[in-house]
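The values are calculated or read from the model by the stated rules, or taken from the named source; none is laboratory data. Everything quoted here is computed from the prediction, not taken from an experiment. For neighbour counting, all protein chains shown are included, and Cβ atoms are generated from backbone atoms with ideal geometry for every residue, glycine included.
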Amino acid sequence: MNDNYGHQAGDNALKFIASILADRIRETDFLARFGGEEFVILLPKTEAIEAENLANDIRITIEKASFHYSGEKVSITVSGGVSEFKKGDKPEDVFNRADEALYVCKESGRNCITIK
């Protein structure tokens, strides 16, 4: 987005996405921006398949949402990597698997969710 519309458009898009994410998660969940254009959502007591379903619902909501910048409709899509804690995992193990899953999405054309 920044390359085509500039940094202000990118910032507005991130705020737009963050508001959709915040509206879709539970009070017990945790949402944070991580890095430039990535977000992390922690979903306590949620299995990976449930998290994947939520992530896909959010992905579709964002894709269908009406985002405009300078009077022009701008298409936004998101991809997501999902993982869950397994016996003996450290937090960084789960995070690394989710990050690997995100890269699978990016390599396969984006606008999808992957569990790893």
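Numbers below:
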{"read-out": "Residue ID - farthest from the chain's Cα centre (by Cα), chosen from residues in segment 64-116 that are surrounded by fewer than 16 Cβ atoms within 10 Å (Cβ to Cβ) and hydroxyl-bearing (Ser, Thr, Tyr)", "value": "70"}
{"read-out": "Residues of segment 12-30 classified as of a type in the set (Gly, Ala, Ser) and either part of a loop (DSSP other than H, G, I, E, B) or at pLDDT below 95 (or both), total", "value": "1"}
{"read-out": "Filter result for residue 24 (more than 22 Å from residue 93 (Cβ to Cβ), among the charged types (D, E, K, R), touching a residue at least 12 places away in the same chain (Cβ under 8 Å) and in contact with a helix residue (DSSP H, G or I) (Cβ under 6 Å, 6 or more places away or on another chain))", "value": "yes"}
{"read-out": "Residue match in segment 6-17 (condition: surrounded by fewer than 13 Cβ atoms within 10 Å (Cβ to Cβ) and either aliphatic (A, V, I, L, M) or in contact with a Pro (Cβ under 7 Å, 6 or more places away or on another chain) (or both))", "value": "no"}
{"read-out": "Which numbered condition residue 53 misses (of (1) of a type outside the set (Asp, Glu); (2) closer than 18 Å to residue 28 by Cα; (3) touching a residue at least 40 places away in the same chain (Cβ under 8 Å))", "value": "(3)"}
{"read-out": "The one condition in (1) assigned to a helix (DSSP H, G or I); (2) of a type outside the set (Phe, Trp, Tyr); (3) over 17 Å from residue 41 (Cα atoms) that residue 73 fails to fulfil", "value": "(1)"}
{"read-out": "Residue selected from segment 45-63 under the condition out of contact with any Lys or Arg (no Cβ under 9 Å at 6 or more places or on another chain) and surrounded by fewer than 15 Cβ atoms within 10 Å (Cβ to Cβ), by the criterion nearest to residue 14 (Cα to Cα)", "value": "63"}
